[in-house]
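Notes follow the structure.
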Amino acid sequence: MTYPTLTINYRFAPNGDIHNTILNNTIDICLTTACPVNPNIQSEPIGEEPLLLVTPRHVKSPTWETLCQLGFIDHPDARHHAELLLGANFEQYQTAQLRPIKQSGFSNQIGLILLPVARGLGFTVLPANAVAAFAQQAATKAHHLPIPVSETLYLCAFAGRQLPQRAINISNVIKELIGQ
């Protein structure tokens, strides 16, 4: 271990909350999938994160009708993810968005979002890493749709602030790992 006394605190939150922690100067750096619009946040694109449609295992080829029947499992970034992925792949979404699709559930815990999907209660849209981290892979099916959509990953910090060396070192490691 290169830095045995370094402690890293990490938390998962919606993009807006993450930007606020940078602005409040409570964290040194962050990763986000929304390019900050506030000029007090500097950002650098460092990678891409594919978005996936996730359904219960029995759904082999999702149609708009299938999604409407299943219902939507919402989460803090789900509407944004759905707009990107479903909007690119389903003509019906472009006119109706999620209105005709009933909401079947909601979770704000990244590790629990796919639980209702695994139980057959609905579908959702998530980044590929979140899908891969779910323990019950056999109960869900991740669909690679005809038009792939990815979100850009941004490494952010407070603009103009001199970062401590520890944050610079961690930033370099993150860039190296995500760049692989």
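The values are calculated or read from the model by the stated rules, or taken from the named source; none is laboratory data. It should be emphasised that the depicted structure is a prediction, and the values quoted were computed from it without experimental measurement. Virtual Cβ from ideal backbone geometry, glycine too; neighbours counted across all protein chains shown. When the accessible area is computed, the model is the full protein with side chains, heavy atoms only, and any ligands, DNA or RNA have been set aside. Shrake-Rupley method; radii C 1.70, N 1.55, O 1.52, S 1.80 Å.
Just a few scattered comments:
- Rounded to the nearest 10 degrees, the angle from helix 165-178 to the longest Cα principal axis of the chain is 30 degrees.
- Accessible area in square angstrom per residue, segment 55-180, 1.4 angstrom probe: 54
- Label-point separation, H80 to V37 (7 Å along Cα→Cβ), nm: 1.2
- Sparsely packed GluC sites (Glu not before Pro) within segment 88-180, loop by DSSP, other Cβ within 10 Å at most 15: none
- Charge dipole (debye, nearest 20) of the chain; +1 at Cβ of Lys and Arg, -1 at Cβ of Asp and Glu: 420
- Only helices enter the 222 nm calculation for the chain: every DSSP H run of n ≥ 4 contributes -39,500 (n - 2.57), and dividing by all residues gives -8500 deg cm²/dmol, rounded to 500.
- With all protein chains in place and a 1.4 Å probe, the accessible surface of the chain carries 53 percent carbon and sulfur.
- For the options N89, N40, N24, a Gaussian network treatment of the chain with springs between C-alpha atoms closer than 10 Å singles out N24 as fluctuating the most.
- Model label zone, N129; criterion: amide N under 12 Å from point 7 Å along Cα-to-beta-carbon; scope segment 42-82: 46-50
- Which label in [x] 1.24; [y] 1.03; [z] 1.14 gives the computed Cα Rg over 2.2 N^0.38 Å: [z]
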